[in-house]
1. Would you be able to say whether some residue in the range 27-35 is in contact (Cβ under 8 Å) with a residue 24 or more places away in the chain, small (Gly, Ala, Ser) and touching a Phe, Trp or Tyr at 6+ places or on another chain (Cβ under 8 Å)?
2. Are there any helices (runs of 4 or more DSSP H) wholly within the range 1-113 with 1 or more residues that are of a type in the set (Asp, Glu) and modelled with pLDDT under 75, and if so which?
3. Would you confirm whether or not the range 342-354 contains a residue that is assigned by TED's automatic domain parsing to the domain that holds LEU409, closer than 30 Å to ALA46 by Cα, at pLDDT 50 or above and among the polar types (S, T, N, Q)?
4. Can you run down the residue pairs with Cβ atoms below 7 Å, 6 or more apart or on separate chains, where the first is in the range 12-23 and without any contact (Cβ under 8 Å) to a residue 40 or more places away in the chain and the partner is surrounded by 14 or more Cβ atoms within 10 Å (Cβ to Cβ) and assigned to a helix (DSSP H, G or I)?
5. I need every pair where a residue in the range 156-175 that is assigned by TED's automatic domain parsing to the domain that holds ALA103 has its Cβ under 6 Å from the Cβ of a residue that is of a type outside the set (Gly, Ala, Ser), sequence separation at least 6 or different chains.
6. Only residues that are more than 28 Å from ALA170 (Cα to Cα) and not hydrophobic (A, V, I, L, M, F, W, C): list them for the range 1-55, please.
7. Could you count how many residues in the range 422-432 are of a type in the set (A, V, I, L, M) and over 13 Å from LEU319 (Cα atoms)?
8. Could you tell me which residue of the range 381-394 is modelled with the lowest pLDDT, considering only residues that are within 14 Å of PRO432 (Cα to Cα) and surrounded by fewer than 17 Cβ atoms within 10 Å (Cβ to Cβ)?
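The values are calculated or read from the model by the stated rules, or taken from the named source; none is laboratory data. All values derive from a computational prediction rather than experimental measurement. All Cβ positions, glycine included, derive from the backbone under ideal geometry; neighbour counts span all protein chains shown.
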Amino acid sequence: MEPILFLLLSLLPLALAPPLADVTRRSPPAHAAMDAFVATTVGGLALLHILPHAYRLAGGMALLAALAGFLVPLVLHHGIHRWEERALPGLAAIVLLGLALHAVVDGIALVGAGAGHHRPPAGDHLHLPPAGAPPLALAVVLHRLPVALVIWWFAAPLWGRWRAGALLAAIGGATIAGFAVGERLWTTLSSPQLGVGQAAIAGMLFHVLLRHPGAETPTASSPAARVASGAGAVAGVAVVLALAVPEHPLGGVLAGALSSPATFLQLFLASAPPLLAAYAGAGLLFAIGHERWRRARDGAVAAALPVVQLPALALALGLLGPWLTGLRVAVVLAVTLLVGRWTTAAGAAPADDAGLRRGFATAVDDTLPWIMLGFGVAALLEPLTGLGWLQERPAWQQTVLLAALGVPLSFAALGAIPIAALLLHKGLDAGPVAAFLIASAVALDHRRLAPGWRGRRSRILATALLLIAVAAGLLLPPSPAPDALPLHQAAAEGAPIPSALAGLALLALFLAALARRGFRGLFALTAGGRHHP
């Protein structure tokens, strides 16, 4: 499709915003479905198509550019929220200027979608996609709808419908201006500069995953709205996958590596049978022993819960094998006994997080989003990153580095397991990966520490836990793990019928969780709204 057609499509949401705003105000399910569809489609295109391609063109600079691009709309949305509350003229002018500049960038991006921005740098050893244009242009077009709605929701009550309409027209004019100057800009940039530009645009597109202020509806949490939100998210994922295969593979693929979809599928199928059994067992456990389970959660064992609960054990056994799983559980339980000496019941988990309300469905809701997130991260890493630079370093450096990388994942210990499986698949020794697993599994909840152990002492204790992870990794012999998952072999042989059936059942559970919580409710579990239990 020609860039001029994408430009015309990008102007259409500006015209549709006023009537759609009225419809979504009256119909919370329609609003929830549209919100989830736009968020998953734009976020998926930016994450799975645009950013990987930019990373292959510009390397680490692309990640910094994406972070900067993400922060710009974040500041603008914060400004819009303050504008809504205080209606300050000066702040409103700044926000409008920022929105105009953002519209100019949209126009430039639409030109880039049709330019030669997909050419690889000289000597690139990747199999790059033949065209990156449709994902970039489609993401830009789709993300214009929530932007236009947010502008209308805030401008119309303040200035009236006519002036708000004039503002949308001005945003369209800024987009046309960016389109007019974009061709000259794109054709003069080198490949690394193109990668940085694409990454910055991808970062800006991620803001659709945030909850837009003013987009709330009084009954947004109604069952009908949650089901509609889940349906919208599924439709968005379908659009992203349709663009992924076969004409537009994700980003670029290292020679000899699996593609992102193939990696995700193999991790998913390998985990499905043990996870289904674990969820059934968890439901039974919560149903017949909830009081004893709640008392256990209120004690020091809470620090080890992300490791010893049934879904975590099943996932680790399926992807890592019994050897690394047993080591991880043993070390974490030993550390838990140490932590238990300084815990207090004052910070115990609230009772409504356990008991009769916590059964099969709640166990799925609390764990499956983190697991799917881990699958997604691992699937992105497989085709984009080689670990030769890490394997060339001494074993102690590998261990320290991976343990340090595991610490930020301590709030999502389940998600770290697929990443560890991928590291083993790529040839890392068991020691560094074990350090990563242990560091990502031991999370200190400061509310559970006795008052004398909070603050500086808690940091000392956290450092000690990190050293334990490093020591455990260094004590292991420098050899591959005996149970590394053979992803390439599994992809070549195809899925056995039992694994395929289990995968379908696990997918049904995830879709049911989407229907119960809605896209925003489920996304909040992996975006800081609720830590993994």
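1. At the first step, the residues of the range 27-35 found to be in contact (Cβ under 8 Å) with a residue 24 or more places away in the chain are 28-35.
After this cut, where a residue has to be small (Gly, Ala, Ser) as well, the list is 30, 32-33.
From the residues that got through so far, the ones that are touching a Phe, Trp or Tyr at 6+ places or on another chain (Cβ under 8 Å) too are 32.
Checked the range 27-35: at least one residue is in contact (Cβ under 8 Å) with a residue 24 or more places away in the chain, small (Gly, Ala, Ser) and touching a Phe, Trp or Tyr at 6+ places or on another chain (Cβ under 8 Å).
2. Once the helices (runs of 4 or more DSSP H) in the range 1-113 are filtered for at least 1 residues that are of a type in the set (Asp, Glu) and modelled with pLDDT under 75, what remains is 60-86.
3. No, that holds for no residue.
4. Cβ pairs passing all conditions: VAL23/ALA30.
5. Here the result reads ALA164/TRP152; LEU168/LEU14; GLY172/LEU11; GLY172/LEU14; ALA174/VAL104; THR175/ASP106, each pair linking the range 156-175 to a residue that is of a type outside the set (Gly, Ala, Ser).
6. Passing the criteria: SER27, PRO28, PRO29, GLY44, HIS49, PRO52, HIS53, TYR55.
7. 2
8. First, pick out the residues of the range 381-394 that are within 14 Å of PRO432 (Cα to Cα): 387, 390-394.
When the remaining residues are screened for being surrounded by fewer than 17 Cβ atoms within 10 Å (Cβ to Cβ), the result is 387, 391-394.
Values: LEU387: 76, GLN391: 80, GLU392: 82, ARG393: 86, PRO394: 88.
This residue is LEU387.
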